[in-house]
Amino acid sequence: MLTPDSRSIRIKGRSFLAVVLTPDLPFDDWLVRLDDLASRSAGFFLARPVVLDVAGLEIDRTDLKALIAALAERNVSVMSIEGARHSILGPGLPPAIKGGRPVSEDAVTREPVAEPRNAEEKPATAAVPQPLQSLIIREPVRSGQSVMFPEGDVTVIGSVASGAEVIAGGSIHIYGALRGRAMAGSLGNASARIFCRKLEAELIAIDGIYKMADDMDPGLHGQPVQLWLDGETIIADTLI
Amino acid sequence: MGKVIVVTSGKGGVGKTTSTAALGAALAQNGDKVVVVDFDVGLRNLDLVMGAERRVVYDLVNVIQGEAKLTQALIRDKRLDTLFLLPASQTRDKDNLTTEGVDRVITELKRVFDWVICDSPAGIERGATLAMRHADIAVVVTNPEVSSVRDSDRIIGLLDSKTLKAERGERMEKHLLLTRYDPARAQRGDMLKVEDVLEILSIPLLGIIPESMDVLRASNIGAPVTLADARSVPALAYFEAARRLAGEIVPVTVPGEKRGIFGKFFGRKAA
């Protein structure tokens, strides 16, 4: 038998930039045009996650499989399918994806052209820093409700019930009892913290490192507590 | 225009139907016109508790589908002539309830009655969401144990999101009715204490109904407990709850405790 490993499992949300290919019918003609593009910029699709957008195309599973095989021959590996009917997806095909947001074409096409040598070459969009956002909830978060705010901090004026969850890209502040789940720094922010008036949480996570109720110091149960990350460990201490 | 009340809980077996009948009969004894509506299509019980099971001809589904008029489906109570029952269908299921149909029935009932009390089925599906949809006031029936409290919390979340009031951006008035409360067991720590439940749910307290054989006895003879034995302990607790529902200020006493906790709890608004 294997000895149990005490290291925790890391679960994180992370966003990646994917190239979205939108083929059109007939596929043979489209592939010819794709080959033409590939011959002019060799290796464009190499080692890149590619999402296939088939929304609005009248195709069945066989067509889709053939297209994916044709793309594989060209070293284009499809990691996901967008806009497909559920009926045409299944085992052996990449999973469905949705909720993608468009980015400027600049960001997609510039990247592969070697590393920018100096600051001037960086896309202009990256230069403007986004102000930190915050979300304030003025009532208790009830069981079964889920608050998700990857853009920044979440403040709850009230309690977070057992079976409710709050997920924030930044820190989480709860002016009440935390009985459900709180996940701070969900997009990878190790400096995010969790604060609550009364700690009775089912699960706490910061930057993908999590702690279950049983792993928490029983002495902190019911106390006003703040939690933060020190390396790979969640530290908890009472708030004065 | 009458007030629409939904009696709801999420969890089954906590006392929704008993409370609907008891509150309905208590309000009707003041001379108000009251109708109790069973939304538990397929698993109807309110007719039994009201002692009207042998008088059901047409039901809510018949009215919604236009097979009967509302006046044909309403059953007048034999003991109280201001109390009416609109029974559920036992042979159909909840898919027969349509949003437009329920809309029409409730609007019509509101015009005639002072109180329309909707007995919600357990769960959070169609039957339960339609029962709460038109409510002005929600009575959340909860037992002093963790699973019931958590289900009630879930229901309160739905009351604030899936009702007409919520869609119009108004706030639903919500009250907690703590049922099957056993002071001895609460003292021993086998049950949640009143203050624990109030702390978790943070809605105002409408009343505490003690666990009692009188409730079971009343159900078995087919009478709301407020009609079967109006001087029993649970009946008195329901009468007080009905007065609070009508807007009167009546101090709440926790069974087994001498001093009132009115100042401590009833006046407190939701956090």
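For the reader, a short list of remarks on this structure follows.
- All strands (runs of 3 or more DSSP E) inside the range A:179-235 with 1 or more residues being within 19 Å of A:GLN145 (Cα to Cα) and either out of contact with any Cys (no Cβ under 9 Å at 6 or more places or on another chain) or in the same structural domain as A:ASP153 (by TED's automatic domain parsing) (or both): A:181-184, A:194-199, A:203-206
- Selected residue (criterion: most open to solvent (accessible area, probe 1.4 Å)) from residues of the range B:204-240 that are closer than 27 Å to A:ARG142 by Cβ and out of contact with any Pro (no Cβ under 9 Å at 6 or more places or on another chain): B:PRO204
- When A:ASP215, A:ASP207 are screened for being surrounded by fewer than 20 Cβ atoms within 10 Å (Cβ to Cβ) and among the acidic types (Asp, Glu), only A:ASP215 passes.
- For the range A:175-194, the set of residues classified as under 21 Å from B:LEU201 (Cα atoms), open to solvent by less than 50 Å² (accessible area, probe 1.4 Å) and away from chain B (no Cβ under 12 Å) consists of A:LEU178, A:ALA182, listed by residue number.
Yes/no matrix, rows are residues, columns are (1) of a type in the set (D, E, K, R); (2) at positive phi; (3) open to solvent by 10 Å² or more (accessible area, probe 1.4 Å):
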{"position": "B:HIS134", "(1), (2), (3)": "no, no, yes"}
{"position": "B:ALA138", "(1), (2), (3)": "no, no, no"}
{"position": "B:VAL141", "(1), (2), (3)": "no, no, no"}
{"position": "B:GLU145", "(1), (2), (3)": "yes, no, yes"}
{"position": "B:GLY157", "(1), (2), (3)": "no, no, no"}
{"position": "B:SER161", "(1), (2), (3)": "no, no, yes"}
{"position": "B:LYS165", "(1), (2), (3)": "yes, no, yes"}
{"position": "B:GLU173", "(1), (2), (3)": "yes, no, yes"}
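- Hits in the range A:162-174 (condition: open to solvent by 10 Å² or more (accessible area, probe 1.4 Å) and within 14 Å of chain B (Cβ to nearest Cβ)): A:SER162, A:GLY163, A:GLU165
- Residue, most open to solvent (accessible area, probe 1.4 Å), within the range A:67-76, restricted to residues that are under 17 Å from A:THR22 (Cβ atoms) and not charged (D, E, K, R): A:ILE68
- Search result, residues across the range B:185-203 that are away from chain A (no Cβ under 14 Å), open to solvent by 20 Å² or more (accessible area, probe 1.4 Å) and either in contact (Cβ under 8 Å) with a residue 40 or more places away in the chain or under 19 Å from the mean Cα position of the chain (by Cα) (or both): B:GLN187, B:MET191, B:LYS193
- Cβ-Cβ under 8 Å pairs, at least 6 apart or on other chains, the range B:62-82 side touching a residue at least 12 places away in the same chain (Cβ under 8 Å), far side hydroxyl-bearing (Ser, Thr, Tyr) and open to solvent by less than 40 Å² (accessible area, probe 1.4 Å): B:ASN62/B:SER89
The values are calculated or read from the model by the stated rules, or taken from the named source; none is laboratory data. This structure is a prediction, so every number in the text was calculated from the model and none was measured. Glycine also receives a Cβ, built like all others from the backbone with ideal geometry; neighbour counts cover every protein chain displayed. These area figures cover heavy atoms from the full protein model, side chains too; ligands, DNA and RNA do not enter into them. Shrake-Rupley method; radii C 1.70, N 1.55, O 1.52, S 1.80 Å.
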